[in-house]
Every structure is written in C-alpha cells, then in structure tokens.
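The values are calculated or read from the model by the stated rules, or taken from the named source; none is laboratory data. Predicted model only: the values in this text are computed from it and were never measured. Note that each Cβ is placed from the backbone with ideal geometry, even for glycine, and that neighbours are counted across all protein chains shown.
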C-alpha cells in the first residue's frame with residue numbers, strides 16, 4: 001500500500017512529530033510506502049511531493065514546524081493562480097483527484113485545523129478520496145477532541161512570557177497588556193492566564209467593559225500592588241462593540257486578519273488610570289519552537305492511530321483524544337468550532353481566585 005501525508009493551515013509545534021510517528025508506523029510496521037505533499041493543499045494540487053521513510057523523519061520529534069511545509073491560503077476549492085496575466089480564484093479540486101490517482105494512493109492523512117479539515121471532508125464526500133484527519137491548532141478550538149496538539153506548547157510559551165513580563169511590570173509600576181492568539185476563542189488566554197497568574201483575562205466569549213478593567217487595576221493599587229498584567233485574546237471585543245482587525249488588501253475575498261486589540265486596550269487603560277501602560281504582542285512566537293512533552297506524546301499517538309485508521313479503512317474520520325484514549329470520529333464533527341463557555345467551571349474558579357474577566 002501507499003499513503004500520502006500533508007500538513008495544512010498555520011504552522012504548529014508538533015507537526016513534525018505527527019509526521020515522524022505516522023511515517024514510522026506506515027513504513028516499519030505495515031511496510032507501506034509514504035509520500036509527503038509539499039506546502040499543504042498546494043502540493044496536492046500541483047503534485048509536488050517528496051518520499052518519506054524512517055531515515056527522512058529521523059530527529060523530528062523535538063523539531064518545530066513541518067518538514068513538508070504548509071499553507072493556509074491554498075484551498076483547492078478556491079485556488080488562486082495567475083492565468084494569462086490575471087489573478088483568478090477557481091475550483092481545482094479535480095486536479096487533487098488526478099494527483100491522488102497519479103501517485104497510486106490508498107489513503108491520505110491530512111493534518112490541520114478546522115479549515116483544512118473542512119476541505120478534507122469535502123474531498124472525501126464529493127471526490128471519494130480515502131482521507132483520515134488529524135486535529136492541529138494552537139487555538140484548541142476544534143470540537144470532538146479533548147485537546148488539539150500545539151495548544152499545550154502555546155500555553156507554555158505564553159505562561160513563560162507572562163512570568164517574565166510580571167517582573168518588569170512590577171519594577172516600573174506599570175500595567176502590561178499581553179496580546180495572544182486564539183482567533184475567536186479564548187482557550188490560550190484562559191489557560192495561560194490561570195497558569196501565569198494574570199490579573200485580568202480578556203477573551204472573545206466575554207465582552208469586556210473598559211471601566212471594569214480599570215476598576216480591577218485600581219483595586220490592586222489600593223492594596224499596594226502597583227502593577228497589573230492584562231492578558232487579552234486577539235479576538236476580544238468590548239461590550240456592544242466589534243473585534244479589532246487588520247484587512248488583507250491583496251485578498252479579493254476581503255478577508256480580515258485579527259490583531260491590534262492589545263494596543264486599543266493599552267491606550268484606554270492609560271487614559272483612564274493615568275498608569276503607564278505597555279503592550280507585548282506575542283504573535284507567531286506562540287507557533288514556533290519545540291513542542292512540549294504533552295504535545296510530543298499526543299502527536300506520537302495521533303500519528304500511529306491515523307495510520308491504523310487507514311489500515312482499518314476508517315476513512316472520512318479523524319483521530320482524536322478522548323482521554324485517555326485516541327479514538328476516531330466522523331470528520332463532520334471535527335469542523336465545528338468550540339468556544340469557551342462563560343459559565344464553565346474553570347471561569348468560575350478563576351473568578352474565585354481573584355482574576356477579572358473585564359465584565
């Protein structure tokens with residue numbers, strides 16, 4: 001048998017670990033052939049590949065990124081190309097089928113987040129490709145799995161950063177606003193905020209009131225604590241207001257990129273409290289570097305079980321963590337966005353410990 005592997009969407013700590021595990025299981029255990037498609041769906045459309053074996057994936061467990069590249073802009077159902085000097089966006093999914101058949105594949109493992117897996121589902125249902133999904137995103141916003149790989153690493157990175165930021169904030173009696181990723185969900189901010197002891201956590205699921213944030217800062221100051229750390233998710237928005245975005249001027253779909261809410265909050269905090277306020281935007285540092293021990297273990301298990309699913313012909317499904325087991329669920333369940341429930345037990349525990357959510 002012969003299978004393919006691709007990684008789609010944003011990069012994420014642990015992608016290489018999944019590739020390593022899947023390739024070793026396929027080549028050493030099942031004695032199959034494996035090919036990697038380069039740069040996500042783009043490689044699948046353009047038939048750009050590289051052979052993968054145990055030697056090719058040696059040393060990947062602790063390495064960040066993805067050895068076969070990735071892309072979050074090459075959806076085969078809305079593929080962008082230059083044709084006769086003009087940029088066009090069109091459906092090239094039939095090319096994917098040709099590539100699949102030309103490579104003689106018996107199955108295709110697609111590693112990605114909600115967008116990547118939604119496309120995988122269409123290729124399975126509409127084109128009949130034998131696809132198995134693996135959930136990836138630092139945002140942890142995929143349904144049907146307890147955790148996505150990459151999330152734990154991102155939380156650790158943010159936690160360490162806030163630990164460092166606290167010392168400089170305290171030294172200068174400042175308010176520090178730390179903006180983190182998460183898109184329209186607050187999982188990274190919530191978990192890293194609890195782990196680092198942030199004083200205020202602002203997430204998309206709980207619209208904030210800037211007056212309430214200022215009140216928390218005043219409260220801390222009245223207790224002799226002259227510094228505060230505000231951890232804000234990039235998709236956060238004020239009560240009755242809108243998210244802060246940056247527009248992609250070269251995108252014909254007029255898509256938007258989140259970012260900048262940290263600067264908005266800092267300006268408002270300084271204006272209200274007269275306390276010097278600085279901003280740290282962690283950005284893509286959350287996506288880089290070595291995966292955590294938790295993510296390395298999760299990635300290894302997901303890679304093994306994804307290959308087992310191909311062997312068992314469990315196509316149209318995704319490998320997922322149902323603690324303590326790795327199980328399979330239909331891809332339809334994977335594409336649902338999972339948000340933080342404002343009434344979640346963890347939110348209540350954070351409030352009880354003195355953390356404000358700006359509401």
Practice item. Examine the range 317-333 for a residue that is assigned by TED's automatic domain parsing to the domain that holds residue 109, out of contact with any helix residue (DSSP H, G or I) (no Cβ under 7 Å at 6 or more places or on another chain) and crowded, with 17+ Cβ neighbours inside 10 Å, and state whether such a residue exists. Key: yes
Check your understanding: Hey, any hits in the range 204-216 for a residue that's more than 18 Å from residue 266 (Cα to Cα) and either in contact with a strand residue (DSSP E or B) (Cβ under 7 Å, 6 or more places away or on another chain) or buried (at least 23 other Cβ atoms within 10 Å of the Cβ) (or both)?
Key -> no
Exercise for review: Hey, could you check the range 119-143 for residues that are touching a strand residue (DSSP E or B) at 6+ places or on another chain (Cβ under 9 Å) and part of a helix (DSSP H, G or I) and say which is surrounded by the most Cβ atoms within 10 Å (Cβ to Cβ)?
Suggested key: 120
Study note, to complete from the structure: Looking across the range 195-227 at residues that are in contact with a helix residue (DSSP H, G or I) (Cβ under 6 Å, 6 or more places away or on another chain) and either part of a helix (DSSP H, G or I) or modelled with pLDDT under 95 (or both), the single one that is farthest from residue 340 (Cα to Cα) is 227
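When you scan the range 246-359 for strands (runs of 3 or more DSSP E) that lie fully inside it, which ones turn up with 3 or more residues that are within 30 Å of residue 2 (Cβ to Cβ)? Give the steps one after another, and end with the answer.
Values: elements: 256-258, 277-281, 317-322, 325-330.
By residue number, 317-322, 325-330.
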Study note, to complete from the structure: For the range 42-70, pairs from a residue that is assigned by TED's automatic domain parsing to the domain that holds residue 304 and more than 23 Å from residue 120 (Cβ to Cβ) to a residue that is exposed (fewer than 15 other Cβ atoms within 10 Å of the Cβ) and modelled with pLDDT of 95 or more, with Cβ under 7 Å and 6 or more apart or across chains, are 54/28
Point to revise | the range 144-157 - residue that is in contact with a helix residue (DSSP H, G or I) (Cβ under 8 Å, 6 or more places away or on another chain), surrounded by fewer than 24 Cβ atoms within 10 Å (Cβ to Cβ) and modelled with pLDDT under 95 and, of those, nearest to residue 289 (Cα to Cα) | key: 147
